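Asker: The structure follows.
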Amino acid sequence: MYKILKCISNKTVQRIFYFTLSLIYNLLIFLNRGIKGYSSIGIPFIWVWIIPTIILIGQTIFNNKTGWWALFILYAFYVIWTIISITECIKWKCDAVIECLLESIPLWIILFAFGWFLYLISPYRWKIK
């Protein structure tokens, strides 16, 4: 665990992660729908694309606490939106609630693992002995 925390606390590794995340995010956006139209919650897709992209590019260049907090808040909104979406889906489309909840477990594992990793690469100084 010590070696992992030491590697993650390196600013270069953090910037590489933010750059890679930015590339993956933009690739998924443009392969999926592009920036035309509206998201499932009615927001113009250009804003769904541009705000996280600016934050990720800013974190790649500056890697500061303000950018990290902005990215973490966007992530928190995404998790809340996912909880609401899954709840609505279960309420309207699922006959067996337990079965639908079990199907969503891999999504929850991925979301919380990403959130934990996002927390670990925060620009705060880790106290590593």
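Asker: Are there cysteines in the chain with no second cysteine's Cβ under 4.7 Å away, and if so, which?
Answerer: Cys7, Cys89
Asker: Under a Cβ-only charge scheme (Lys and Arg +1, Asp and Glu -1), can you give me the dipole magnitude of the chain about the Cα centre, in debye to the nearest 20?
Answerer: Once rounded to the nearest 20, the dipole reads 840 debye.
Asker: Between Tyr38 and residues 5 or more places away or on another chain, which pairs have amide H atoms under 5 Å apart, with H built 1.01 Å from N, and which residues are they?
Answerer: Hits under the 5 Å cutoff: Phe45.
Asker: Let me confirm the definition first: pairs of Lys residues in the chain, 8 or more apart or on different chains, C-alpha distance under 28 Å. How many are there?
Answerer: 13
Any read-out appearing in this document is the output of simple, stated calculations on the displayed coordinates, not a laboratory observation. What you see is a predicted model; the values in this text were computed from it and never measured. Because the Cβ atoms are built from the backbone with ideal geometry, glycine has one as well, and the counts that use them run over all protein chains shown.
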